[in-house]
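Contents: one structure, followed by commentary.
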Amino acid sequence: GFGSGFANAAISFSGPPVVIYALMVGWDKETTRGTLGAFFLAIAIVTCIAQAFAGFFTPSTLTAVAYGIPGAIAGLLASIPVARKIPEKQFKVVLKLMIAFAGIVCIYRTI
């Protein structure tokens, strides 16, 4: 949690450490999804508060957010039935692919 929070604040890259931990301890799909959802909600709230205090939210930023929220909610609601149908084994494969992709992105940005 500490490593992910630090990575999120430093470079907006918090997901992979939490996903790696979930895979290593052997959580099932629903536990992983629930824990990741709660973790990212907490991190997002703290990040938004910190960014607001830093003055990052301008009227145009808030307008863009207002336009984007309905689409984000619609995407979330549409994904729930699909996510429930993903078998446990394929879920873990997708998590591993996301970690690999994140690693590739980091290496690419470094180069």
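Counting protein heavy atoms only, the chain has 75 percent of its accessible area on carbon and sulfur, 1.4 angstrom probe. Looking at the chain, the accessible area is 73 square angstrom per residue; that uses a 1.4 Å probe and ignores ligands, DNA and RNA.
Each of Glu30, Glu88 has its accessible area taken with a 1.4 Å probe; listed largest first, they run Glu30, Glu88.
Whole-Å semi-axes of the chain's equivalent ellipsoid, largest first, each the root of 5 times a Cα gyration tensor eigenvalue? Present the calculation step by step, with values, prior to reporting the outcome.
Numbers: eigenvalues 137, 79, 39 Å².
Taking √(5λ) for each eigenvalue gives 26, 20, 14 Å, largest first.
For Val93, the accessible surface of its heavy atoms amounts to roughly 80 Å² (probe 1.4 Å, protein chains only, rounded to the nearest 10).
The values are calculated or read from the model by the stated rules, or taken from the named source; none is laboratory data. From a predicted model like this one, the values you see are computed outputs, not experimental measurements. What goes into the accessible areas is simple: the full protein's heavy atoms, side chains included, and nothing from ligands, DNA or RNA. Shrake-Rupley method; radii C 1.70, N 1.55, O 1.52, S 1.80 Å.
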